[in-house]
1. So, residue 203, is that one within 15 Å of residue 9 (Cα to Cα) and either at pLDDT below 90 or in contact with a strand residue (DSSP E or B) (Cβ under 6 Å, 6 or more places away or on another chain) (or both) or not?
2. Given (1) buried (at least 19 other Cβ atoms within 10 Å of the Cβ); (2) farther than 30 Å from residue 217 by Cα; (3) touching a residue at least 60 places away in the same chain (Cβ under 8 Å); (4) more than 19 Å from the chain's Cα centre (by Cα), where does residue 29 come up short, assuming only one miss?
3. So for the range 19-32 (the condition being in contact with a strand residue (DSSP E or B) (Cβ under 9 Å, 6 or more places away or on another chain) and either modelled with pLDDT of 95 or more or not in a helix (DSSP H, G or I) (or both)), does at least one residue qualify?
4. At pLDDT 70 or above, in the same structural domain as residue 111 (by TED's automatic domain parsing), out of contact with any strand residue (DSSP E or B) (no Cβ under 6 Å at 6 or more places or on another chain) and farther than 22 Å from residue 169 by Cβ: does that describe residue 209?
5. Residues 16, 103, 96, 55: which one is within 30 Å of residue 165 (Cα to Cα), touching a residue at least 60 places away in the same chain (Cβ under 8 Å) and touching a helix residue (DSSP H, G or I) at 6+ places or on another chain (Cβ under 6 Å)?
6. Anything in the range 126-151 that is buried (at least 16 other Cβ atoms within 10 Å of the Cβ) and touching a helix residue (DSSP H, G or I) at 6+ places or on another chain (Cβ under 7 Å)? List them, or say none.
7. Could you list, ordered by first residue, the pairs with Cβ atoms under 6 Å in which the first is in the range 123-149 and over 28 Å from residue 51 (Cα atoms) and the second is at pLDDT below 95 and part of a helix (DSSP H, G or I), at least 6 apart or interchain?
């Protein structure tokens with residue numbers, strides 16, 4: 001891989017900064033709100049069903065999450081949910097959009113060492129305004145040549161990104177916490193991918209089989225990539 005890589009892409013949520021723990025706490029709040037209708041674990045299952053049903057419509061991010069919570073609450077309550085509870089669900093969304101940015105260990109130091117030697121970009125899913133806000137508040141904006149907020153992370157999405165960057169797959173390295181979104185599509189295209197595990201992962205992004213590929217690296221932390229470059 002050495003001497004081949006020219007462009008390094010970073011996922012944002014749970015790779016550069018914490019994100020999923022905030023969503024999981026928000027989901028717990030939502031489940032507590034509806035425990036008069038169903039046990040909390042059942043509310044959680046119903047919410048996930050709604051999210052999967054609507055993913056092609058809403059994409060990824062807080063706004064879609066809030067709409068799914070409202071839809072789930074309406075279904076669980078047989079459309080009898082009080083307006084006060086809907087207000088509380090909306091408040092959960094507002095809190096999510098205002099969470100502080102907590103950079104993960106080693107992020108700034110690693111970017112410092114890579115900047116100037118590689119073209120660094122962000123390639124992340126999510127709501128455009130929310131991701132732009134997080135990037136601005138993170139203090140990391142200046143490290144990146146390009147920011148790509150992707151509606152999804154399938155092979156076709158990475159193909160479009162590589163074309164836009166005028167970058168061949170063999171010169172591209174993706175770092176992220178999701179095997180499904182950050183690793184598999186890039187490897188399929190012939191690029192390189194480095195997995196940085198995060199202690200919590202959304203159920204939709206989980207990938208059970210052990211991944212083995214000549215262009216794949218399993219890291220313990222973001223700083224570990226430096227030993228491969």
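The values are calculated or read from the model by the stated rules, or taken from the named source; none is laboratory data. Since this is a predicted model, take the numbers as computed values, not measurements. With ideal geometry, Cβ positions are generated from the backbone for all residues, glycine too; neighbour counts draw on all protein chains shown.
1. Details: within 15 Å of residue 9 (Cα to Cα): no; either at pLDDT below 90 or in contact with a strand residue (DSSP E or B) (Cβ under 6 Å, 6 or more places away or on another chain) (or both): yes.
Answer is no for this residue.
2. (1)
3. The answer is yes, given that some residue of the range 19-32 is in contact with a strand residue (DSSP E or B) (Cβ under 9 Å, 6 or more places away or on another chain) and either modelled with pLDDT of 95 or more or not in a helix (DSSP H, G or I) (or both).
4. Details: at pLDDT 70 or above: no; in the same structural domain as residue 111 (by TED's automatic domain parsing): yes; out of contact with any strand residue (DSSP E or B) (no Cβ under 6 Å at 6 or more places or on another chain): yes; farther than 22 Å from residue 169 by Cβ: yes.
No; evaluated as a whole, the condition is false for this residue.
5. Details: 103 fails: touching a helix residue (DSSP H, G or I) at 6+ places or on another chain (Cβ under 6 Å); 96 fails: within 30 Å of residue 165 (Cα to Cα); 55 fails: touching a helix residue (DSSP H, G or I) at 6+ places or on another chain (Cβ under 6 Å).
The conditions single out 16.
6. At the first step, the residues of the range 126-151 found to be buried (at least 16 other Cβ atoms within 10 Å of the Cβ) are 126-127, 130-131, 134-135, 138, 140, 143-144, 148-150.
Within the range 126-151, 127, 130, 135, 140, 143, 148, 149, 150 qualify.
7. From residues that are over 28 Å from residue 51 (Cα atoms), the pairs are 141/135.
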